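Visitor: Would you mind keeping the following structure in view while I ask a few things?
Just so it is clear, none of the values below were taken in a lab; they were calculated from the coordinates. The structure presented is a predicted model; accordingly, all values stated were derived computationally and were not measured.
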Amino acid sequence: MLGWALVFLVLALVAAAFGFGGIAGAATSIAQILFVVFLVLTVIAFVVRAVQGRSVL
């Protein structure tokens, strides 16, 4: 999922460089949403592992 967020971020940067403001804004929004979802899932995974008593690293 982090990979998809990076893909949309790169797409937004390229679109902004060529002057496509609407596409850049949409791609940036998608990248932000995917990044937040990735962070939430990562925190949930760490909490689940901590509760189960396994090593996080």
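Visitor: Quote the relative contact order of the stretch 2-52 in percent (integer), defining contacts as alpha-carbon pairs under 8 Å separated by 6+ residues.
Guide: 38 percent
Visitor: Here's a follow-up. Using only the Cα atoms, what convex hull volume per residue in Å³ does the chain have?
Guide: Hull volume normalised by residue count: 53 Å³.
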